Amino acid sequence: MTRVLVVDDERRMRRVLQIQLERMGIDSVAAESGEEALARFQSEKIDLVLTDLKMPGMSGLELLARVRELDADVPVIVLTAYGTVQTAVEAMKLGAFDYVLKPFDLEAVELTVRKGLEMRQYRSENRYLRERVEQPPAFESLVGGSAAMQAVYDFIRLVGPTRSAVLVTGETGTGKELVAHAIHGLSPRRQRLFVPLNCAAIPPDLLESELFGHTRGAFTGAHSERTGKFEVADGGTLFLDEIGDMAYPLQAKLLRVLQEGVIERIGSNKRISVDVRVLSSTNRDLGGAIRAGTFREDLYYRLNVLQIQLPPLRERREDISHLAAFFLARFSQQLGKPTLALAPAACQLLEQYPWPGNVRELQNLMERAVVLAVGAEIEPSFFRLLLPQAATTAPALSGETLALEPAIEELERKLILRALSAADDNKAHAARLLGISERTLWYKLKRYGL
């Protein structure tokens, strides 16, 4: 719940302000001095400070400076009499959000407080979005009309509006994060943040800090305070991707947060209440992990209130052509190229391929196709080098030579030239487009005399 710290040496003034905040539906705590206020600020989660300027001992300006040092995102509103307006202006220069003149109108106080809290929320969300701006989602939307996908859509519609935890299981690349995002989009929390965190992509010793945050100096390298993902997602949804990879000791701390709805930043004993819906996913067998002693059974039941298993792409082959067309159109638009089409035989080849990397592999292939393919329609021959298993199973057409190696070498040479052209001769970029290492690209350049 949002909490405001009211600071004034006059008891009556503190009480008037707290009653007004209560009418606004906002929790508050009071302090009669700057020293007491600073102690409360350091031990409790405070979202906004409402302080008088002139107080015995620590003044409002001194308190403002200390609060700014501890957490510059917390807005501070100062209360000042007509005779000290110049001091209020000085406070604004030092970082105060706004000031209210005494004797004040309670409606003016309410308006200023609400604006301050809105600004805090915007700052928190903007900081998070800036961190995510270069991390585009794997998919923009769910695509597919197969029976398997219709069952997924039905599940999302059923569980989205609830508060329950959901565990999304399935192979790598099946779109687990996309399903979690869709569940969030149908929930009452959809106006607040959806915050994904890949538990497998972060070293175990840093994952705790990512989840719960840390204070400055909490450990080596903690040069500044950091807000954890639970706080960022407060009021919204936290998606814990690949939860099966979380270290066993950290699982106990996560379980405690799920049970109590309270976190503590590393290096602090301040308890911070959070209201977060937790969705999670895994490509592991958590039942087997429980039997092996690497995953907590009690945490499993907390996360697995509702569960959905996503089908691999090979089990919904009727969706492959639709997905391929979707990705071709998307990447053509992004790269400013005419939208490519797939020849019927190319669609057939894609539908026969087993797709071990699922939708993510198909997406990657279509991006390379947009960059490298020539002409308005993509023929099967284009994919046979990029999908080796498809090349070995594709039937030979009448009149075609069966000498496979020369044909593959010629196609490989052409693809390398196209990749180099698309990458402006940047070898590292060209290698990424081709899906090979830069060292392998240099070897092939030498081999083909390019």
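What is the sum of charges around residue 54, taking Lys and Arg as +1, Asp and Glu as -1, for the other residues whose C-beta is under 11 Å from the C-beta of residue 54? Intermediate values should be presented prior to the final figure.
Working: positive: 102; negative: 8, 9, 10, 52.
With Lys, Arg at +1 and Asp, Glu at -1, the net is -3.
How charged is the neighbourhood of residue 347? Take every other residue with its Cβ under 13 Å from the Cβ of residue 347, and add Lys/Arg as +1 and Asp/Glu as -1. List each step's numbers first, then the result.
Numbers: positive: 317; negative: 318, 319, 351, 377, 379.
Every neighbour counted, the sum reads -4.
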For the chain, longest principal axis from Cα atoms; helix 11-23 axis from its Cα atoms; angle between them, nearest 10 degrees, is 40
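Of the listed pairs 93/270; 176/414; 176/444; 229/337; 93/253; 229/427, which have alpha-carbon separations greater than 32 Å here?
Working: 93/270 30 Å; 176/414 36 Å; 176/444 37 Å; 229/337 38 Å; 93/253 41 Å; 229/427 37 Å.
Correct reply: 176/414; 176/444; 229/337; 93/253; 229/427.
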Assertion target for 246, 149, ordered by fewest C-beta neighbours within 10 angstrom first, is 149, 246
Of the candidate values (1) 29.1; (2) 24.5; (3) 28.0, the one computed for mean projected area of the Cα convex hull in nm² from this structure is (3)
Segment 205-268 and segment 144-182 have their Cα centres apart by a whole-number Å value of 26
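Dividing the convex hull volume of the Cα atoms of segment 3-132 by its residue count, what figure in Å³ per residue is obtained? It would help to have the intermediate numbers written out before the result.
Working: hull volume 13.1 nm³, N = 130.
Convex hull of Cα atoms, per residue: 101 Å³.
May I ask you to compute the full-extension gain from residue 285 to residue 439, defined as 0.36 nm times their residue separation minus their alpha-carbon distance, rounded to one decimal in nm? Could the numbers behind the result be given before it?
On the way: separation 154, 0.36 × 154 = 55.44 nm, distance 3.59 nm.
Additional length available on full extension: 51.9 nm.
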One finds, for residue 256 and residue 334 with R0 = 41 angstrom and r their Cβ-Cβ distance, a FRET efficiency to the nearest 0.05 of 0.40
Fraction of alpha-carbon pairs in segment 314-448 farther than 20 Å apart, rounded to whole percent, equals 47
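Arrange the following residues from fewest to most other Cβ atoms within 10 Å of their Cβ: 122, 300.
Details: 122 10, 300 19.
Ranked by crowding around the Cβ, least crowded first: 122, 300.
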Once the dipole of the chain is set up from charges on Cβ (+1 Lys and Arg, -1 Asp and Glu), the residue from the list 16, 185, 419 lying farthest towards its positive end is 419
Net charge near residue 113 (other residues with Cβ under 13 Å of its Cβ; Lys, Arg +1; Asp, Glu -1) is -3
Taking N as the residue count of segment 147-311, its alpha carbon Rg divided by 2.2 N^0.38 Å gives 1.03
Assertion target for 319, 98, ordered by fewest C-beta neighbours within 10 angstrom first, is 98, 319
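Any read-out appearing in this document is the output of simple, stated calculations on the displayed coordinates, not a laboratory observation. Predicted model only: the values in this text are computed from it and were never measured. Counting neighbours? That spans all protein chains shown, and the Cβs are built from the backbone with ideal geometry, glycine included.
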